[in-house]
1. Restricting to DSSP H runs of at least four residues, report the calculated mean residue ellipticity at 222 nm for the chain, -39500 (n - 2.57) per run over all residues, nearest 500 deg cm²/dmol.
2. For the stretch 49-102, run through the GluC sites (Glu not before Pro) and keep only the ones in DSSP coil with at most 12 other Cβ atoms within 10 Å of their Cβ.
3. Give me the extension gain from Lys38 to Ala54: residue separation times 0.36 nm, minus the current Cα-Cα distance, reported in nm with one decimal.
4. Subtract the Cα-Cα distance of Ile87 and Met14 from 0.36 nm times their separation in residues, and report this length gain in nm to one decimal.
5. Beyond a 32 Å Cα-Cα separation, which of these cross-linked pairs lie in this structure: Lys35/Lys70; Lys39/Lys70; Lys35/Lys60; Lys38/Lys60?
6. From Cα pairs below 8 angstrom and at least 6 apart in sequence, can you work out the relative contact order of the chain, rounded to a whole percent?
7. If you average over every viewing direction, what projected area does the convex hull of the Cα atoms of the chain give, in nm²?
8. Multiply the residue separation of Asn78 and Thr100 by 0.36 nm, subtract the distance between their alpha-carbon atoms, and state the gained length in nm to one decimal.
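Just so it is clear, none of the values below were taken in a lab; they were calculated from the coordinates. In this text, all values refer to a predicted model and were calculated from it rather than measured experimentally. All Cβ positions, glycine included, derive from the backbone under ideal geometry; neighbour counts span all protein chains shown.
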Amino acid sequence: MNPTEIEKEVRQQMEERQNAHEDRNLARKLTSEEKREKKTRKMFEDTSAPEDMAAVYKIKDLTCYHNQWKVDINAQENHLTGLCMLIEDSPFSLVVVEGTPK
């Protein structure tokens, strides 16, 4: 055998292994619905930590709607509940939230 044929054979074997690898990954890939369910399950089924946790955040400027929107979206995505205290004549605002540890 000459080196060109050996190289061709090796490249073909590499390509077959790569294709098999991609096929296995594609077979294991979760659908979007399964991904959503897995994320929700992981968030609420952690039994090693306390059930609910609370946190207090001091935010410099929450009078701007853009910052309020960020806090709201973050709370929705992480399944948090709580309240926001906009204090007049104060350089900061407080956000109190509770939710699961994750």
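1. Working: 3 runs with 52 residues, N = 102.
Estimated from H runs of four or more residues: -17000 deg cm²/dmol.
2. Numbers: sites: Glu51, Glu77, Glu88, Glu98; in loops: Glu51, Glu88.
In loop regions of the stretch 49-102 (DSSP not H, G, I, E or B), the sparsely surrounded GluC sites (Glu not before Pro) are Glu51, Glu88.
3. On the way: separation 16, 0.36 × 16 = 5.76 nm, distance 2.40 nm.
Gain in length upon complete extension: 3.4 nm.
4. Length difference between fully extended and current span is 19.8 nm.
5. Values: Lys35/Lys70 24 Å; Lys39/Lys70 21 Å; Lys35/Lys60 36 Å; Lys38/Lys60 35 Å.
Cα-Cα > 32 Å for Lys35/Lys60; Lys38/Lys60; rest within.
6. Details: 78 pairs, mean separation 29.5, N = 102.
In percent, rounded to a whole number, it is 29.
7. Values: hull surface 49.6 nm².
If I average the Cα hull's projected area over directions, I get 12.4 nm².
8. Numbers: separation 22, 0.36 × 22 = 7.92 nm, distance 0.84 nm.
Result: 7.1 nm gained on full extension.
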